[in-house]
Amino acid sequence: DLSENYMILIEWSADAIYSMGRFYQSINEFPLIHRKIQANQEIIRFSWFRSFQSTIFVRLNKTGNDIELSWKEISWSDSLKKKVVRNGKRHISSPDYNSFSNWLDRSGFDRYAVYEYFPMFDGKTWVMEKLRGDKFKVYQSNEPPDDFVKVCYLLVSFTDIDLSHDPDRKVSMEEIRNMRTGLTPFAIMMYGALGLGLICLVLIADRKSVV
């Protein structure tokens, strides 16, 4: 059986799958790798284990046109006792889902290796899982590509978790807002050039009217 999930079992260690599964169960989450869902369903979960800040989980559940987002923010005491700082649940619109899904595809997520570890970086761990029908994909890294980081911030922006004061934030909140509206850096540049062109035309017209 050379299915996609079987290859993930090879690349993602059994210890990682077991420990992640146990941890998810402890916060009333569920492992996705062996979960069975319908062909019209999709589950995407982002888990962000940060070094000195709270741990963040965001899960998107899509069934047909029904799209629900749930999230948890968990802090840890010195004795490793967990405390739920914030949790919530809401439905998001199809345009918001499409925006996130398109940016996730653009990031190359489906082509990432299952596991990447870079020495000499901090202890943050980024984990994104996607289960669509019977296809499961996971990516785990302590230093993910910038495009992936932006997608993670975009997903968190749909919750009430505030990352605007995150000391390690690598992307501006303005850029996240532009991503939500579907504006790429190229589109922003083009709109800016168009606006500048219109201003020049108005100034030329005013000058001619004066003459």
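The values are calculated or read from the model by the stated rules, or taken from the named source; none is laboratory data. Fair warning: this is a prediction, and the values are worked out from it, not measured in the lab. All Cβ positions, glycine included, derive from the backbone under ideal geometry; neighbour counts span all protein chains shown. Remember, those area values only see protein heavy atoms, side chains included, never the ligands or the DNA or RNA. Shrake-Rupley method; radii C 1.70, N 1.55, O 1.52, S 1.80 Å.
Enumerate the pairs (first residue in region 81-94 and outside any strand (DSSP E or B); second residue anywhere and open to solvent by 80 Å² or more (accessible area, probe 1.4 Å)) with beta-carbon separation below 7 Å, excluding pairs fewer than 6 apart on the same chain, so at least 6 apart or on different chains.
Between residues of region 81-94 that are outside any strand (DSSP E or B) and residues that are open to solvent by 80 Å² or more (accessible area, probe 1.4 Å), the close pairs are SER94/ASN65.
Suppose we filter region 50-74 for residues that are touching a helix residue (DSSP H, G or I) at 6+ places or on another chain (Cβ under 7 Å) and either open to solvent by 30 Å² or more (accessible area, probe 1.4 Å) or part of a loop (DSSP other than H, G, I, E, B) (or both); how many remain?
2
Going through region 2-27 one residue at a time, which ones are among the acidic types (Asp, Glu) and either surrounded by 15 or more Cβ atoms within 10 Å (Cβ to Cβ) or at pLDDT 85 or above (or both)?
Across region 2-27, there are no qualifying residues.
Could you pull out the residue among SER209, SER164 that is at pLDDT below 90, open to solvent by 80 Å² or more (accessible area, probe 1.4 Å) and polar (S, T, N, Q)?
After applying the criteria, what remains is SER209.
Can you tell me which residue in region 103-121 is surrounded by the fewest Cβ atoms within 10 Å (Cβ to Cβ), limited to those that are touching a residue at least 40 places away in the same chain (Cβ under 8 Å) and assigned to a helix (DSSP H, G or I)?
Per the stated criteria, the residue is ARG106.
Test LYS124 against the criterion of being closer than 16 Å to VAL58 by Cβ and surrounded by fewer than 19 Cβ atoms within 10 Å (Cβ to Cβ), and give yes or no.
yes
Pull out all pairs, ordered by first then second residue, where Cβ-Cβ is under 7 Å, the residues are six or more apart or on different chains, the first lies in region 17-44 and is at positive phi, and the second is open to solvent by less than 50 Å² (accessible area, probe 1.4 Å).
Between residues of region 17-44 that are at positive phi and residues that are open to solvent by less than 50 Å² (accessible area, probe 1.4 Å), there is no close pair.
Scan ILE188, ILE176 and give me the residue that is modelled with pLDDT under 95, more than 17 Å from the chain's Cα centre (by Cα) and not in a strand (DSSP E or B).
When all the criteria are applied, what remains is ILE188.
Of all residues in region 134-159, how many are over 17 Å from ILE56 (Cβ atoms) and open to solvent by 10 Å² or more (accessible area, probe 1.4 Å)?
7
Here is a list: VAL114, VAL138. Which entry is over 18 Å from GLN53 (Cα atoms) and modelled with pLDDT under 90?
VAL114
Output the residue which, of all residues in region 28-49 that are in a loop (DSSP other than H, G, I, E, B) and open to solvent by less than 60 Å² (accessible area, probe 1.4 Å), is nearest to ARG86 (Cα to Cα).
In this case the residue turns out to be GLU29.
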